[in-house]
Amino acid sequence: MSALVLASPGVSGRPFADPYVAHHTAQQMAAMGDPDGGAQRFVEHFLRMWVDGPYREPSQVSRTLRERIHASASANVMRHARGLGAGMPREVGAADRLASIGVPTLVLDGELDSSDISSNAQAIAQTVPDARHQRFASAAHMVNLESTALFNLAVKSFLVSTTDLN
């Protein structure tokens, strides 16, 4: 691997503490197993967490984006409904190993994302040697879909600059 680009990163070993995320995660768990609309409630809480984010109402998000992610998330939930909640995430402790990343790294996040994701992005940028961090205004978790042109420009510029280093 010669470079690493992380968008709105989660990092194993760094707990989720944002009350907004905790609330919607709890609501998702409560919706699981409910045959009367539980899947749709699960998806709506997913959208609230990872599309709208804690600083916007659904009406403040692009309707096209929300519908696109709703369709994708709904199809995913329907396909994997039997397995929802069946397994436990495996903790591999990446947070303790960030300093060992030895390639140029770009971390991208949205200023309207949860405080957990912002904290992860900052921790990576501060811990990974020579990491770069770019935050997108007016974007939440889906930075690549909300700020597509700027996101693509940032990634392209970064990759070009890492090619120049090699």
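The values are calculated or read from the model by the stated rules, or taken from the named source; none is laboratory data. The structure displayed is predicted, hence computed values, not measured ones. Cβ coordinates were reconstructed from backbone atoms using ideal geometry, including for glycine residues, and neighbour counts include every protein chain displayed. Note: accessible area is taken over every heavy atom of the protein model, side chains too, but ligands, DNA and RNA are not part of it. Shrake-Rupley method; radii C 1.70, N 1.55, O 1.52, S 1.80 Å.
What whole-number value in Å² describes the accessible area per residue of the chain for a 1.4 Å probe?
Per-residue accessible area for the chain comes out at 58 Å².
Given R₀ = 25 Å, FRET efficiency for residue 59-residue 159 by Cβ-Cβ distance, to 0.05?
Efficiency, from the Cβ-Cβ distance: 0.10.
Which of the helices in the chain, when you take each full DSSP H run, stretch at least 30 Å along the axis at their Cα atoms and have an average Kyte-Doolittle score of -0.5 or higher?
Sorted by number, there is nothing, because no helix extends far enough and scores high enough.
At 10 °C and 1.306 mPa s, grab the translational diffusion coefficient of the chain from Stokes-Einstein with a Kirkwood Rh over Cα pairs, rounded to a whole number in µm² per second.
Once the numbers are plugged in, D ends up at 92 µm²/s.
Probe radius 1.4 Å, ligands and nucleic acids left out: which of 136, 42, 16 has the largest accessible area, and how do the rest follow?
Heavy-atom accessible area, descending, gives 16, 42, 136.
If you roll a 1.4 angstrom probe over the protein chains with everything in place, what fraction of the accessible area of segment 1-124 belongs to carbon and sulfur, to the nearest %?
Working: 3790 of 7000 Å².
Roughly 54 percent of what the probe reaches on segment 1-124 is carbon or sulfur.
In Å, what Rg and Dmax follow from the Cα atoms of segment 115-166?
Rg, Dmax (Cα atoms, Å): 12.2, 35.
Which value, in debye to the nearest 20, gives the size of the charge dipole of segment 93-146 about its Cα centre, when Lys and Arg are +1 and Asp and Glu are -1 at the Cβ?
That gives segment 93-146 a dipole magnitude of about 180 debye.
In a GNM of the chain with a 10 Å cut-off on Cα contacts, which of 57, 44, 111 has the highest mean-square fluctuation?
57
About the Cα centre of the chain, how large is the charge dipole given +1 on each Lys and Arg Cβ and -1 on each Asp and Glu Cβ? Please answer in debye to the nearest 20.
Here the size comes out at about 320 debye.
Go through 123, 78, 101 and say which Cα lies farthest out towards the positive end of the charge dipole of the chain; charges sit on Cβ, +1 for Lys and Arg, -1 for Asp and Glu.
The listed residue farthest towards the positive side: 78.
With the chain treated as a Gaussian network of Cα nodes joined by springs under 10 Å, which of 122, 134, 60 yields the largest mean-square fluctuation?
In the Gaussian network model the winner is 60.
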